[in-house]
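Colleague: First, the structure itself, so that you have it in front of you.
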Amino acid sequence: MFDAAVRPLIDPPLARLAGRFIAAGFSANAVTLLGFAIGLLSILALAAEWYLIALALILLNRVGDGIDGAIARRLGSTDLGGYLDILCDFIFYAAVPLGFALARPENGAAAAFLIFSFVGTGSSFLAYAAIAARRGLDSSRHGPKSIFYLGGLTEGTETILCFVVICLLPDSFAAIAYFFGALCWITTAFRAATAWRLLTRG
């Protein structure tokens, strides 16, 4: 929901950081994989209940996700880069609830529901993108993307905010996970309805 509004604010600093990574010899794919590795470390930090360390790792992962895109826009995007970016993002999103479940078994049901909800948003996003690619469609509202970007109530910005809040308020993880998961299902329903409307029109 907020991704399009946030992009003009974060793109300039990300472009400057991208320039430094390029000067150091990093490719977009290298930054993607580095950020992914950092993000996965948050599982261990969350399992140990080192929530502020986990938050730092989560934010570093997201910064890396922005830098790799900025590098790709400067040096040229590739299909492999787009694939790696999406693959790493969706695995990372599921990793954070997993970490909370490992920290406290009583969080297991809420973590499972949140991951279940991410499957809904992810599949509704990727399924439409696959059809859009076959039809030669593209989207530019959220900036240059490797695949068609179908928005919704819970996009990247909202998910990051959710992760920040649950790291700062870990005792409220279950309530926040159920609430955000419900919002994810609203997004899934919106995307499904949009796809149904557009695809039945041909």
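Colleague: Please give the number of the condition G108 fails out of (1) surrounded by fewer than 17 Cβ atoms within 10 Å (Cβ to Cβ); (2) touching a residue at least 24 places away in the same chain (Cβ under 8 Å).
Modeller: Among (1) surrounded by fewer than 17 Cβ atoms within 10 Å (Cβ to Cβ); (2) touching a residue at least 24 places away in the same chain (Cβ under 8 Å), G108 violates only (2).
Colleague: While we're here: Restricting attention to segment 156-169, which residues are open to solvent by 20 Å² or more (accessible area, probe 1.4 Å) and closer than 17 Å to E49 by Cα?
Modeller: V164, V165, L168, L169
Colleague: Further question: Of all residues in segment 9-36, which are under 21 Å from L80 (Cα atoms), in a helix (DSSP H, G or I) and either of a type in the set (F, W, Y) or open to solvent by 50 Å² or more (accessible area, probe 1.4 Å) (or both)?
Modeller: If the condition is that a residue be under 21 Å from L80 (Cα atoms), in a helix (DSSP H, G or I) and either of a type in the set (F, W, Y) or open to solvent by 50 Å² or more (accessible area, probe 1.4 Å) (or both), then F21, L33, L34, F36 are the ones that fit.
Colleague: Further, regarding this structure: Residues in segment 160-181 that are under 17 Å from the mean Cα position of the chain (by Cα) and farther than 14 Å from F100 by Cβ: how many? Break it down stepwise before answering.
Modeller: Of the residues in segment 160-181, the ones under 17 Å from the mean Cα position of the chain (by Cα) are 160-167, 177, 180-181.
Narrowing further to those that are farther than 14 Å from F100 by Cβ: 160-161.
Going through segment 160-181 one residue at a time, the tally reaches 2.
Colleague: Ok, one more. What are the residues in segment 83-127 that are modelled with pLDDT under 95 and among the polar types (S, T, N, Q), if any?
Modeller: Hits for segment 83-127 are T121, S123, S124.
Colleague: Additional query: Quick check on my filter: what residues within segment 84-105 are touching a residue at least 12 places away in the same chain (Cβ under 8 Å) and either open to solvent by 60 Å² or more (accessible area, probe 1.4 Å) or among the hydroxyl-bearing types (S, T, Y) (or both)?
Modeller: Within segment 84-105, F90, I91, Y93, L98, L102 qualify.
Colleague: Moving on. Contact list please: Cβ distance under 8 Å, first residue in segment 171-199 and of a type in the set (S, T, Y), second residue open to solvent by 30 Å² or more (accessible area, probe 1.4 Å) and not in a helix (DSSP H, G or I), pairs at least six apart or on different chains.
Modeller: Between residues of segment 171-199 that are of a type in the set (S, T, Y) and residues that are open to solvent by 30 Å² or more (accessible area, probe 1.4 Å) and not in a helix (DSSP H, G or I), the close pairs are T187/L153.
Colleague: Do we have A48 as surrounded by 19 or more Cβ atoms within 10 Å (Cβ to Cβ) and modelled with pLDDT of 95 or more here? Let's see the steps before the verdict.
Modeller: Details: surrounded by 19 or more Cβ atoms within 10 Å (Cβ to Cβ): no; modelled with pLDDT of 95 or more: yes.
It is false that A48 is surrounded by 19 or more Cβ atoms within 10 Å (Cβ to Cβ) and modelled with pLDDT of 95 or more.
Colleague: Could you pull out the residue among I10, I71, I22 that is modelled with pLDDT under 95 and closer than 27 Å to F190 by Cβ?
Modeller: Values: I71 fails: closer than 27 Å to F190 by Cβ; I22 fails: closer than 27 Å to F190 by Cβ.
Just one listed residue meets the conditions, I10.
The values are calculated or read from the model by the stated rules, or taken from the named source; none is laboratory data. Since we're looking at a predicted model, the values are computed, not measured. Note that each Cβ is placed from the backbone with ideal geometry, even for glycine, and that neighbours are counted across all protein chains shown. Just the protein is used for accessible areas: all its heavy atoms, side chains included, with ligands, DNA and RNA removed. Shrake-Rupley method; radii C 1.70, N 1.55, O 1.52, S 1.80 Å.
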